[in-house]
Every structure is written in structure tokens, then in C-alpha cells.
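Data first, discussion second: the structure below is written as C-alpha cells.
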Amino acid sequence: YVAKVQSRTGLRTRDPVIREKVFAGKAEKVSGGDSTTQSELFTPEMCAQLETVFERMENPLVLKLYLDNRPVSKELQEYIETLTAMTDKLSLELVTGHNDEFAPCVKLYKDDIYTGLAFHGVPGGHEFTSFVLGMYNATGPGQAMDEDIRKRIKGIRNQVDIKILVSLSCTMCPDLVIAAQHMAAVGEHVTAEVYDIQHYESLRNKYKIMSVPCMVINDEHVYFGKKNIQQILEIAEDVVK
């Protein structure tokens, strides 16, 4: 699995044993009287992947949390608190008094500007790598991209809002998520928000979702199955032309 991720992303890690020692005992957070340590949420391999990305991040990110009263909100808060404690490249901001009907979610901001990337639910399971790469692409320098593809994405002038509905056990979902969020990180008029479908029954019913991944563009155009960035871009260009 790690080899496949390295091949797809171009990221490489150092000796995970060394990294386990580096991270051991770090970043203990206290929430509601209970301590949540990094080791309880992230394996040494996950920590290694995170540190690699942190080292390459060119700009700081603010992870804004929109929470509700469900248990999944507490899970997301503990997850992001632990994550942001690992590096000074990330900081957490708790948004209060919001009316976001799809809370809980975490939204990525750079220089006080929304990057267009968000995750609704907790970005664990197969979506961990997707979330990490989303941060990497949002902060720069990001993954390599074909220059023609980049120009076409930057050339999009009408708004393209992409919802990606996933399950954390889906093995086909991450490729679609990574590609769509890479587009959002590059395109000023593109957003890509990911939803763990188990927490959003209203979306499952609205779009009659029988399988994941499911991509919804501008709340009305629905597409199923894994897609690469070229395929997503062609669909987006067709929708907004």
C-alpha cells in the first residue's frame, strides 16, 4: 500500500522507525478532560507521511472546524487537534454560531482565503492520504501537474462546485478525491468538498446514491465511479460552457 501511494504521489519517507521515535510522546491534547495522544490516532507510518508533507509545505494553513452535537464532531475535533499539534505549519480555528447543515467539517484556509477544499466527517481510513495530499496541494508546491491541464483549470471562469461522496472503506474513492481537490487547489473558481456518506443520509437520498464514489457538480450533475483529473476537467468544462 505504501509503495503504491509513493508511486502515485511522488512523496518519499525516511526510516519509519526513526520517525516513530521522533513522534513518540509528542502532541498530547486534552479535550473534555480526556487526553488523546497522537499514537492513538495516527500510526507510525501515517506520522511519517505527515512529517514528509509538513517539511515540504510552503505556506501555513488554517484548519477551520464547523461542528454540531453529534459524536462524529468530537472525533473530528480530536483528530484535527492532534494533527495541528504536530507542526507549526497548521493551526486550528473553531467556528461558532454557524448554520452549516453539513457539519461537522474541516475547511482549509490559506492567507485567510478559502482554498476550496473541505472534508465533511473524519478523514480517516482510505481518505487519510487524500486529506494529506489535499493540504499539500493547497499550501504548495503541491503535486506535479501537466501544464496544459493547469492552464485549462485556471481558465475556468464560471463556478464549479464539486461534491464527492465517499465511504472510508472505499478503495476507488481516493483517486477521485485527490484529483478533484488538486483541481480545486489550482482553480480559483473550483471547489471540491468531500463527504463521508454514512453521516449524511440527506445527500444519499437526494442524489439516490447506490454506490461510491459519487461526484456531484453544481448540485445537479451526478457521476459515479473513479475518474482522473483529465476526466473531471472535461466534465467540468462541459457543465460550465
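Observations
- Val239 sits with roughly 40 Å² accessible to a 1.4 Å probe, with DNA, RNA and ligands left out of the calculation.
- Each label was represented as a point 7 Å from its Cα along the Cα-to-Cβ direction; for Val240 and Asp161 these points are 1.3 nm apart.
- When each of Lys154/Lys241; Lys74/Lys107; Lys163/Lys241; Lys74/Lys206 is checked by Cα-Cα distance, pairs over 21 Å: Lys74/Lys206
- Loop-resident GluC sites (Glu not before Pro) (DSSP state other than H, G, I, E or B) in segment 49-94 with no more than 16 further Cβ atoms inside 10 Å of their Cβ: Glu58.
- Whether segment 80-195 is rounded, prolate or oblate, judged on the alpha carbon gyration tensor where a/c under 1.5 counts as rounded: rounded
- Accessible surface for segment 73-186, divided over its residues, is 38 Å² per residue with a 1.4 Å probe.
- Local electrostatic count, Gly140, Cβ distance below 14 Å [Lys/Arg +1, Asp/Glu -1]: +1
- Pairwise label distance in nanometres, Asp100 with Glu40, each label 7 Å out on the Cα-Cβ vector: 2.4 nm
The values are calculated or read from the model by the stated rules, or taken from the named source; none is laboratory data. Note that the structure is a prediction, hence the values are computed from the model and not measured. Cβ coordinates were reconstructed from backbone atoms using ideal geometry, including for glycine residues, and neighbour counts include every protein chain displayed. With ligands, DNA and RNA removed, areas are computed over all heavy atoms of the protein, side chains included. Shrake-Rupley method; radii C 1.70, N 1.55, O 1.52, S 1.80 Å.
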